[in-house]
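**Student:** Mind looking over this structure? Questions follow.
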Amino acid sequence: MIDFTLTPSQRELQQSTRTFAQTHLSTAPSLYSSHGDQRSRFESILPLYRRAVCSGLIKAQIPIPFGGTNASLIDAAIQLEELYAVETSVSLTIFANGLGLTPLILAGSEEQRGKFLEPFLREDGEPLASLMHSEPEGTANWLEKGGKGLQTTARREDGGDGWVINGEKLWTTNSSGWDGKGADLQCVVCRYSPDGSPQDPSADPASSILILIVTREVIAQNPPTAYTILSEPELAGHVAVTNPHTRFTNFRVPESHLLCPPGTGAAVVEQAFTSSAALVGAMAVGLMRAAFEAALKFAKEDSRGGANPIIYHQSVADLLMDMKMKADSTRLVTWKALHCLQSSGPEVDFNARFEGCLQAKIFGSEAAVQCVMDGMKVVGMTSYNKDQPFSRLLNDAICLPLFDGGNVGIRRRQMEKIFQDEQYKPWVATYGA
């Protein structure tokens, strides 16, 4: 049976999230717009983030079996669409926790989950989580044999019970924490190297990947020079999000904080970025919704000096049709991908599920940019005015094809690799084996 009807609990979730977004997130620009740098803008949204915690939006990133309230990935997409339709920076800060916690949820021991998830299950405070994977020199080819691989290394502590990290990370949302002293939980992806030497060009890069859990307590136990924020990039879109450039220098981590031993971390990272790919589709739908509604309102109310509102001009109506179809199509592709990822039986292999998530990410992110541009064509020169939402929406939309694995550098190549498999079956995720 094919059914796209939301359940009563999903409708309730949708409405409560929409109310939160319209009541609270709509005020975010008034908090950060007067600040002149990325870091200050990020810090200014803390009151709204605390409200999100109290409203259960952080706890909703954790599946029910681990004490959270997330019943399905589609529920996460429903919430993300509602938040992104109103404001993006606070929304991304909220949902980046889901990516940050995913390695712990996937690979953590019962003891580790019990200890490290606890701050995110409470509906108070301002906990942040981050997946620290990307690096200044890029990570698109991090698992390519013969390449340099990850430059952030980890080795066993000499004569001690723990690990030592050296290296730099960049574009790691939330990792700095609210005060620059680190997020509550950071899953740091490293390359195992006993002596810090370059990657062996003849070795499989995945065989040396490990993940360590870094907390604020561990940062505080290290010297101040061991964990430093080098810079905070100024962003064209998502202007109140933190994506710091961070350096680890002989940074010590206890053995109990080893999440994935060498050789097991790469698969966990790739699995974490599978569900997040489809959720970018939900972000895209939220932006397209906002652009369509603004363009439709303008077209129905403004005649541009003519006798009738411009919606009665076929060229305008055609643009609006294209915008609406892009939004609806992306939503369905996203829901299908997440449903398949979470609910398919053994007859649907992982690559078929992965392909759906890639489709949602690539199609949705690129459709969002075009959709906002079409809305600007509808409104004309007035859309260039900052009292209209379009310039903000465009700046946010252009980030979507670039982050969470760039479409050109990573996502399309991953899809290409799936196609190259001799056992590839194009429609198995739709019709079954």
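The values are calculated or read from the model by the stated rules, or taken from the named source; none is laboratory data. Only a predicted model underlies this, so the values are computations on that prediction, with no experimental measurement involved. Every residue, glycine as well, gets a Cβ built from its backbone with ideal geometry; the counts of neighbours run over all protein chains shown. When the accessible area is computed, the model is the full protein with side chains, heavy atoms only, and any ligands, DNA or RNA have been set aside. Shrake-Rupley method; radii C 1.70, N 1.55, O 1.52, S 1.80 Å.
**Student:** Ranking request for peptides 211-218, 16-23: highest mean number of other beta-carbon atoms within 10 Å first, then the rest in descending order.
**Tutor:** So the order, starting with the most tightly packed, is 211-218, 16-23.
**Student:** Using Cα atoms only, what is the angle between the long axis of helix 89-107 and the major principal axis of the chain, expressed in degrees (0 to 90) to the nearest 10?
**Tutor:** Here the helix axis deviates by roughly 40 degrees.
**Student:** Nearest 500 deg cm²/dmol is fine: what mean residue ellipticity at 222 nm does the chain get from its DSSP H runs of n ≥ 4 alone, each adding -39,500 (n - 2.57), divided by its residue count?
**Tutor:** -15000 deg cm²/dmol
**Student:** Summing Lys, Arg as +1 and Asp, Glu as -1, what charge do residues with Cβ under 13 Å from the Cβ of Tyr227 carry, Tyr227 excluded?
**Tutor:** After counting each charged neighbour, the total is +2.
**Student:** Kindly provide the trypsin sites (Lys or Arg not before Pro) of the range 338-433 that DSSP labels as loop, not H, G, I, E or B, and whose Cβ sees at most 10 other Cβ atoms within 10 Å.
**Tutor:** Lys386
**Student:** Heavy atoms only, probe 1.4 Å: what % of the accessible area of the range 1-99 goes to carbon and sulfur, would you let me know?
**Tutor:** 55 percent
**Student:** Just round it to a whole percent: the fraction of Cα-Cα distances in the range 107-262 exceeding 23 Å.
**Tutor:** 37 percent
**Student:** At a 10 angstrom cut-off on C-beta neighbours, averaged per residue, how do the peptides 161-167, 316-322 rank from highest to lowest?
**Tutor:** The peptides rank, most packed first, as 161-167, 316-322.
**Student:** Now a separate question. State the answer as a single residue: which of Pro119, Ile58, Val316 lies farthest towards the positive end of the charge dipole of the chain, with beta carbon charges of +1 for Lys and Arg and -1 for Asp and Glu, about the Cα centre.
**Tutor:** Of the listed residues, the answer is Val316.
**Student:** Let me ask something else. In Å and from the alpha-carbon atoms only, list the Rg and Dmax of the chain.
**Tutor:** That works out to 22.1, 83 Å for Rg and Dmax.
**Student:** Another question, then. Run through the range 338-433 and list the GluC sites (Glu not before Pro) located in a DSSP loop whose Cβ has at most 15 other Cβ atoms within 10 Å.
**Tutor:** Sparse-neighbourhood loop GluC sites (Glu not before Pro): Glu347, Glu422.
**Student:** Along the positive direction of the dipole of the range 266-431 (beta-carbon charges: Lys, Arg +1; Asp, Glu -1; about the Cα centre), which of Met325, Ala360, Trp427 reaches farthest?
**Tutor:** Toward the positive end, the furthest listed residue is Met325.
**Student:** Identify which of Thr334, Thr172, Thr382 has the largest mean-square fluctuation in a Gaussian network model of the chain, with springs joining Cα atoms closer than 10 Å.
**Tutor:** Of the options given, Thr382 has the highest mean-square fluctuation.
**Student:** Kindly report the accessible area of the chain per residue (heavy atoms of protein chains, probe 1.4 Å, no ligands, DNA or RNA), in Å².
**Tutor:** I get 45 Å² per residue for the chain.
**Student:** Here's something else I'd like to know. Using a cut-off of 17 Å between alpha-carbon atoms, which aspartates and glutamates can reach Lys145, once sequence neighbours fewer than 8 places away in the same chain are excluded?
**Tutor:** Glu137, Asp200, Asp204, Glu270
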